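Worksheet for the structure shown next.
What follows draws every value from the coordinates through simple rules; no lab data is involved. Note that the structure is predicted; figures quoted are calculated from it, not measured. Cβ sites come from the backbone with ideal geometry, for glycine too, and all protein chains shown count toward neighbours.
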């Protein structure tokens, strides 16, 4: 199904395809709208990207300077992570003979103005963005020119937006993208396992036919609920907070890396400080929306490299494909 150079690289790098890849590649390569539902870490993102990269590699020297693949993620942290994960296979593929240069770029609210102007002058072949930034691109002359050549739209974490107005807004943007392009782009949806999955498929395509690939739905999950020994009231006492911090610190010590999610940015700072006192300041990373982009990315990199034992975050941190995490709390 693939260019020989692409398949040889894949076999040497990964061996055999995962179930989402083996089942997802045929409909994608036939040009069908496809929804791949599988757990995190099952290779569904590569299932979408490799088919798109293979198509561009087959063009060889004839590959034009135009955006062919649009990757939309509802989470900024995930968008940056995917860009990094995409660059590695691209660099390895680029080292092979007869493989053209395939450029990528990220367009989010954090993207500097200089980078935004650069991608308009020399379009990336793969553009990574968020639903909100996609809307803004569709309302600008330069953005519409950039998106006019898109052949494939990959929508990641589609289940995260399908239930609310943000998802309705995204689907509207996809319909506007269809009207903009000369040929309707193929849509590839990536989702955690959902029920009913057919409903997510209709959401992805706007009611059009959709190939649904569902794999790896059954996984062993260890779930536990813990509460303080004292009776809970409207406001937690200092003793209850100390007990909670002690227990979380104990769990962190028992695992390689732990994610601690809280509701507000203020709680991030408080809990991170308390855990830092118990575990060491260099073992705890804080992540929330008020931090600068560079500080958030630094925290994500420390987490992925296993340089910290614990990360305290709000919803600003995407679970996505985060390495070295074995105890989300």
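Here the Debye sum runs over all C-alpha atoms of the chain as equal scatterers in vacuum, and log10 of I(q)/I(0) at q = 0.11, 0.12 Å⁻¹ comes out as -0.77, -0.90. With the convex hull drawn around the C-alpha atoms of the range 160-250, the volume per residue stands at 191 Å³.
Each helix, a run of at least 4 DSSP H residues, gives -39500 (n - 2.57); summed and divided by the residues of the chain, these come to -14500 deg cm²/dmol at 222 nm.
For a label point 7 Å from the Cα of residue 267 along Cα→C-beta, name the residues of the range 275-310 whose backbone N is under 16 Å from it. Answer for this model: 275, 286-290.
Please give the FRET efficiency for residue 32 paired with residue 180, using the beta carbon to beta carbon distance and R0 = 25 Å, rounded to the nearest 0.05.
On the way: r = 21 Å, r/R0 = 0.84.
Efficiency, from the Cβ-Cβ distance: 0.75.
With respect to the chain, whose longest principal axis is taken over its alpha-carbon atoms, helix 4-14 is tilted by about 10°.
Just check the range 1-122 against the gyration tensor rule for me: Cα atoms, a ≥ b ≥ c as the square roots of the eigenvalues, rounded for a/c under 1.5, and otherwise prolate or oblate depending on whether a/b exceeds b/c. Verdict is oblate for the range 1-122. Of 48, 315, 37, the residue with the greatest mean-square motion in the GNM of the chain, using alpha carbon springs below 10 Å, is 315. Comparing 226, 32, 19 in a Gaussian network model of the chain where C-alpha atoms under 10 Å apart are linked, the largest mean-square fluctuation is found at 226.
Cα centroid separation, the range 1-70 to the range 103-175: 20 Å.
Here residue 277 and residue 164 are evaluated by their C-beta separation; at R0 = 35 Å the FRET efficiency comes out at 0.40.
Normalised by 2.2 N^0.38 Å, with N the number of residues, the alpha-carbon radius of gyration of the range 238-328 equals 0.98.
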